[in-house]
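**Student:** Quick one: the structure is below, questions incoming.
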Amino acid sequence: MSCRHTLSLAETGALALEDAARDLDRAADAPTFLGALERNRRVWRSIGHLAAMRSWQVPNRRMVAYAMKTTCQASGRGGRDDQILALIDINRQVSAALAEGSDIEAIRSRAHAIWEDRGRPFGNDMDHWLLEEMEVSGT
């Protein structure tokens, strides 16, 4: 079975948001949690920019503003559990919308194959590559 050698920006965003939600959900200590929040901030900054540039319906400005505000608040004060759970939930909702019915694990497998075919670029793991792809492709 051959795999497509690109991901759409929506697929890249869907995967990055799902992974950011997973990282927030699994963070077991303060440094890991703060790293997950920083990653989430970067993902939402990129997704917000792309959504505005490409006139995507999802995420809308309100979703982007909420995610950015909640991420920043949680970074500064640690965040309440209900805020973090809401952030994880919005990440997953927007991820599902961007994936447009595609299985996120199938997108993840394709992304991993593409990343490996390209020689594991940027000297980082796949998560960092996804963010870099969104930033480069969106400009």
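Every read-out reported here was derived from the displayed coordinates using simple, explicitly stated rules and does not represent laboratory data. The model shown is predicted, which means the values in this text are computed figures rather than measured ones. Every residue, glycine as well, gets a Cβ built from its backbone with ideal geometry; the counts of neighbours run over all protein chains shown.
**Student:** How big is D for the range 9-134, in µm² s⁻¹ as a whole number, if Stokes-Einstein is applied with the Kirkwood radius of its Cα pairs at 20 °C and 1.002 mPa s?
**Tutor:** The calculation lands on 146 µm²/s.
**Student:** Can I ask one more? Which shape class applies to the range 1-55: rounded if a/c is under 1.5, otherwise prolate when a/b exceeds b/c and oblate if not, where a ≥ b ≥ c are the square roots of the Cα gyration tensor eigenvalues? Don't jump to the answer; show the numbers that get you there.
**Tutor:** Details: a/c = 3.76, a/b = 1.50, b/c = 2.51.
Cα axes put the range 1-55 in the oblate bin.
**Student:** Taking 8 Å as the Cα distance limit and 6 or more residues as the minimum spacing, I'd like the relative contact order of the range 9-134 as a percentage.
**Tutor:** Contact order relative to length: 39 percent.
**Student:** Of the listed peptides 45-52, 12-19, what is their order by residue-averaged count of other C-beta atoms within 10 Å, with the highest listed first? Can you show the working numbers first?
**Tutor:** On the way: 45-52: 20.6, 12-19: 26.4.
Result, highest mean first: 12-19, 45-52.
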